[in-house]
Amino acid sequence: AALGLAFASGVARVFGTRIGGAALFYIYYLFCGVLAGVVYCAIFPDRNVLLIGASGAISGLMGAAIRIGPGYMLPFTDRGVMGMTIAWTAINILSAFISIIPAAGTIAWEVHLIGYAIGLLTIGVWMRLFRPRFFSL
């Protein structure tokens, strides 16, 4: 939950504090979560895994947050964007082999990567469609 808050605040800030900005943020959060789940199910239709959706949504916010610079969108080739992407990919691949919480059961770690990619790839389009006044692209 704390990880989600850390990245959510950066994304929420660019949408603004008014009700319209809060609504756009919430819709984007849901968009990332639902799309991550749908893509996961499309890629792995035969898997019998329970998907909650929050981790795909939070990972989407992570991908979006890493692209948001001070008033502009960072390119995919930015060192920070590339470094975070490599780190998040490595963490999730390792989690497939090393269980930190043994009682947790099977975790659909791939949905984290899918959600992250969705956030990374869609935040620019989202900001173009619903551009806050202070955010220039």
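Please verify whether segment 104-115 includes one or more residues that are farther than 18 Å from I58 by Cα, at pLDDT below 85 and open to solvent by less than 80 Å² (accessible area, probe 1.4 Å).
Looking for residues that are farther than 18 Å from I58 by Cα, at pLDDT below 85 and open to solvent by less than 80 Å² (accessible area, probe 1.4 Å), one finds at least one in segment 104-115, hence yes.
For segment 1-18: of the residues being open to solvent by 30 Å² or more (accessible area, probe 1.4 Å) and more than 16 Å from R67 (Cβ to Cβ), which is modelled with the lowest pLDDT? Selected residue: A1. Given the conditions (1) at pLDDT 90 or above; (2) among the polar types (S, T, N, Q); (3) outside any helix (DSSP H, G or I), report the number of the one that S99 does not fulfil. Of everything listed in (1) at pLDDT 90 or above; (2) among the polar types (S, T, N, Q); (3) outside any helix (DSSP H, G or I), S99 misses just condition (1). Of the residues screened, G21 is not one that is farther than 21 Å from I91 by Cβ, assigned to a loop (DSSP other than H, G, I, E, B) and open to solvent by less than 40 Å² (accessible area, probe 1.4 Å).
Scanning for something open to solvent by 80 Å² or more (accessible area, probe 1.4 Å), part of a loop (DSSP other than H, G, I, E, B) and of a type in the set (D, E), does segment 70-85 turn up at least one residue? No, there is no match, as no residue in segment 70-85 is open to solvent by 80 Å² or more (accessible area, probe 1.4 Å), part of a loop (DSSP other than H, G, I, E, B) and of a type in the set (D, E).
The residues in segment 28-55 that are open to solvent by 80 Å² or more (accessible area, probe 1.4 Å) and not in a loop (DSSP other than H, G, I, E, B) can be counted, and the count is 3.
The values are calculated or read from the model by the stated rules, or taken from the named source; none is laboratory data. Remember, it's a predicted structure, so these values are computed and weren't measured experimentally. When we count neighbours, we look across all protein chains shown, and the Cβ atoms used for this are built from the backbone with ideal geometry, even at glycine. For the accessible areas, the whole protein counts, side chains as well, though only heavy atoms, and no ligand, DNA or RNA atoms are used. Shrake-Rupley method; radii C 1.70, N 1.55, O 1.52, S 1.80 Å.
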